[in-house]
Structure formats: structure tokens, C-alpha cells
Amino acid sequence: MQTDLNQLEPQSLVDAFLKHPPETFKVFNAPNFLPFFTTNFNLLTTLDIPVKKKIESVIGYSYWGRLLHLETCFIGTTVTEYTPLTQQFQVNEVVEQFKKNAKKHTLTIIKDLPLNSPLLSEYENQYSQALIQAAERAGFLSVEGQALAYVPIDFEHREEYLSRLSKSRRKNLKRKLKSLNELRVQRLATGSEEFKDAQFRAQLYALFLAVYNQSEIHFDLLTPAFFDEILQDAQSAGQVFFYWKENTLVGYNICYEYQNNLVDKYIGLNYPLATQYNLYFISWFVNLDYAKQRGLEHYIAGWTDPEVKSQLGAKFTFTQHLVWVRQPALRFILGKFRHLFESDSHWHEQMKETK
């Protein structure tokens, strides 16, 4: 099924996901239904970290914790910021298909539906809102989703952007940006000759894996084949930013120019060098500079680390998940405790209260 709503990324990225799914994922792309995948899902994955660690510390968790791993169907992909939808179906038709498909799985999650996103058209936002309302009427549980970070490119230069931050943050970032003077920045379009080198692609995957392994959330482990596909795709308008210390690769990130935005998708870091040279922060400003030079509207920075991105000047737009639980008892329990799975929403509320 060709989707045409909610995509902030080129279709080629979705195609690569369908062709080379993450480990343990089984993907489906039927001609009469939206893309979806199934996997064994740990219910604790999106819990607030302190709550998650408390549960995992309970005696015997290594045994009874297996009960929290459920065979789950996710509508959408993990390589798109939002669930890709299509105008080919009316909202009620979509919900009926969701319910029909949900009967086959213990848990069904329609992930990352936008809520009044400034990154989408009015029609796309209205369609998603109508879908959420129709699904709720049909018995789906609503769970507040993640915080997508973005920056409007409405500044003239880096100094103006920094001037909008607090004095202490501005001072801290200017100190970290000095590391940029010690590095060489290289930008290559995906499909460039350099990406034909299998050894180089393997090196890039190893740096991506280093970031994945140090993360507290382990869900979708993308494969080397997926990276081979996207790095050698010359048609996707992908841009890869490299940071070199002499001949040593300190890190990189893969971005896409799409619909007049720059969307940041994947990062690879060479620890501890990447930390030493403040690469996370440096890459943020290099990406902003590039978006400004290209006359783009937004830099879209992804879901992870919302607190850090807030300190870097990002704005946020939120999503909604829709959940169908086949067993009535489990449905009742999850309905009572669903607020525990809304960690980004909790963080955002606390941030507003402290301002």
C-alpha cells in the first residue's frame, strides 16, 4: 500500500524498512492495508525509567517478567516519525480494518498519530484527529505518545539562534562549540562513491550500534542490510555529515531533505571521542546551519532525549497511540495504568510547571 499522509521522510526509507526490517520484526505490506509489523514487545519499554527500574528490581523479575512480553502488532513503522496513512481509505474503513486485524494479535498498537502537528498540513492533522476519535469510539485505548523535537528555521544566523537561549545555556554551548575547531566536517550525499566500500559501511554500522547499545531503550535494532540500502540510495536526498579528527571518524549522522525540512534520522558515535568533542551538540548546530543555508522550514530532530533537546532550543509536538488489547482482563489493567506509559507527556508537564 502506497501511503501519502503523515510522512516526513522519503518513501525510499519506508521501502528499506519493509525490505530489511529490524531484528525480530516481521513486516507486512498488503495492497489493501497499511504497513504493519509484529514482534515480541516488552510492556515496560516506554515506562518512565524510574518506574521501570523499580519493577525490574523486584525479586524474581527474571522469571515472571517474561509474562510482560506480548506478541504485538504495530501499525506503522519505526523509521517514520508518524504512522504513515493513506487518503484511499475513509476513517471508518481504517478503523474497521484495524479491529479486524487486531483479533489476530494479543496486543495491537497504532503508533505515533500526530496531534495538531505544525510539520503537517491541516488536512493531515484533521484526518488523524478523526481517526483517533473514531478508534476511541470503537473501543481502542488512547495513550499519549512521544515528544517530537523540531526547530523552525526562523533565524538569520547561529548567533541569533543562541541569543534566544538563557545566558547560562548560551555560555555552555559556546564553550562546547569550540570543539568544532578541532574537527573536520565532511558531507556526502547518500549514493556517493564512498558508500560502495563495504568495509566503510561496516564501520558506520558499528558506530550506530554503539549508540544503540548505550541507550536505555532497546526496541528496533536496525540491520546492516538496512544501512547498506539507505547509504547507497542516490535518489533519497539523504545527507550524511561526518566529523573527523585527522583520520579518525568521531561520528556521523544521517539526515534527509524532504518537503522543505531537514529530518535527522540516525547517528553513529565513536565513544569516548564523541563525548570528548561534544559531538551531539556540535552536530545540532551544523544541521541547523545546513538547514538555514538550504532555505528549509524546519529541522526535525527526532524523539529521543527531549530534555537535552529542549535545552538546545527545540520545540515539541506530541503524538497519540491507539491500543487494542484482546483479553478483557489485561485490557482493564492497562486501562487503569496507562498513565505510566506517558513519560514524555509527564516530562513536558513538569517542564511547563518549572518555567
Which of K53/K167; K111/K174; K26/K53; K178/K315; K26/K176 exceed 32 Å between C-alpha atoms? The answer is K53/K167; K111/K174; K26/K176
With +1 at each Lys and Arg Cβ and -1 at each Asp and Glu Cβ, the charge dipole magnitude of the chain around its Cα centre, to the nearest 20 debye, comes out at 1080 debye
Distance between the stretch 265-319 and the stretch 179-252 - C-alpha centres, whole angstrom: 15 Å
In the chain, carbon and sulfur make up what percent of the accessible area (probe 1.4 Å)? 51 percent
Quick one: dipole size for the stretch 153-247, taken about the Cα centre, charges +1 on Lys/Arg Cβ and -1 on Asp/Glu Cβ, in debye to the nearest 20. 940 debye
Using only DSSP helix segments of four residues or longer, with each worth -39500 (n - 2.57), what per-residue ellipticity at 222 nm results for the chain after dividing by its residue count and rounding to 500? -11500 deg cm²/dmol
Amide H to amide H, which residues 5 or more places from R187 or on other chains are under 5 Å from it, using H placed in the peptide plane? F242
So if I restrict to the alpha-carbon atoms in the stretch 152-264, what is the Rg, and what is Dmax, the biggest pairwise distance, in Å? 16.6, 46
A correct Karplus calculation of ³J(HN,Hα) over the stretch 242-255, with 6.51 cos²θ - 1.76 cosθ + 1.60, θ = phi - 60°, whole Hz and x for Gly and Pro, returns 10, 10, 10, 9, 6, 9, 9, 7, 8, x, 7, 9, 9, 10
Once the Cα gyration tensor of the chain is diagonalised, semi-axes √(5λ) in Å: 33, 23, 22
What number, in percent, do you get for the relative contact order of the stretch 118-239 if the mean sequence gap of Cα pairs under 8 Å and at least 6 apart is divided by its residue count? 27 percent
For the stretch 207-329, radius of gyration divided by Kirkwood radius, i.e. Rg to Rh on alpha-carbons: 1.01
Here the net charge surrounding N92, from other residues whose Cβ is less than 12 Å away from its Cβ (Lys, Arg +1; Asp, Glu -1), is 0
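The values are calculated or read from the model by the stated rules, or taken from the named source; none is laboratory data. Because the structure is a prediction, the values reported are computed rather than measured. Here Cβ is always computed from backbone atoms with ideal geometry, including for glycine, and neighbour counts include all displayed protein chains. Each accessible area value is taken on the protein alone, full model and side chains, heavy atoms only, with ligands, DNA and RNA left out. Shrake-Rupley method; radii C 1.70, N 1.55, O 1.52, S 1.80 Å.
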